[in-house]
Amino acid sequence: MKNLIIIVIFFSICWSRSNKKNKIKSPQVQEVKTIITPSLSAIEDFDKKIELIDKPCKEIISFVADIEKINWISDTNRLKKVRIYNELNRNQIKSFSNHPYYRIPFTKSRLYHFYNSDLFKDYTDSLNIGLFKNVKSIWAYFYRVKDASNLVSDGVIEQWEFETKNQAKEALKQIDKIGDLVYFNTSPYFCQMRNYLIIFQTRAMAFSYDQKLLFEKFLKEKMNQ
């Protein structure tokens, strides 16, 4: 009888332990998803401030050298003799790679005078003049065709340097709408390159065809450098 009681107690203990084990839940396994975010270096930040150079960019400098080879030359003496392109200060000429460039203060630019002209008040309401007023520098290069006798085709390349790519992009959008009025009686051409607004302009419609060919040459050869 004593042995029977011991056996019963032994099986009772084993059943109790087994029952407790079955009641213990196994830990829940959660699915872990790995989220891969693109590298910041792979995202072009158009609002990022760019180190300013305050001089003509390399594409403009190389383009000026290229067109000189096909008879489009600078001529500081002509600008001193003829009252054209008054926004170019004849007394403030700086040489880059042996070519003369003119700094244009914003208040001397054609855009500034356009904005403050009573003739064009109906067209300036949507213009964000503050954007252009905050331009960091404006450099210009004057050129003319070599060996011309009577009608001298000429033009100016302007480089407007902004703090960010987005500012230059917005500047292009705005100037594109009113450019024909700013550069009146001509057909100007505009493009954006990094944080620069590039303008090809001339003083007469008769020279606009030459401007168009040079602008297309610039787009083709320099925009993707």
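Coordinate-derived values only; no laboratory data. Predicted model, so just to flag it, every value in this text is computed and none were measured. We place every Cβ from the backbone using ideal geometry, glycine too, and count neighbours over all the protein chains shown.
How would you classify the range 101-171 from its alpha-carbon gyration tensor, with a ≥ b ≥ c the square roots of the eigenvalues: rounded for a/c under 1.5, else prolate if a/b is greater than b/c, otherwise oblate?
oblate
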Legend entry - Gain on full stretching of the segment that runs from D147 to K220 - 0.36 nm per residue minus C-alpha separation: 23.6 nm
Legend entry - Table column - 3J(HN,Hα) (Hz), the range 129-136, Karplus curve with 6.51, -1.76, 1.60, x for Gly and Pro: 5, x, 4, 6, 5, 8, 4, 7
Inset, instruction - Could you pull out the trypsin sites (Lys or Arg not before Pro) across the range 95-198 that fall in loop regions by DSSP (anything but H, G, I, E, B) with no more than 15 other Cβ atoms inside 10 Å? - result: K136, K146, R194
Inset, instruction - In Å and from the alpha-carbon atoms only, list the Rg and Dmax of the range 54-222. - result: 15.2, 44
Inset, instruction - Return the subset of K81/K177; K136/K173; K55/K80; K108/K169; K108/K217; K133/K177 for which the Cα-Cα distance in this structure is over 26 Å, preserving the input order. - result: K81/K177; K108/K217
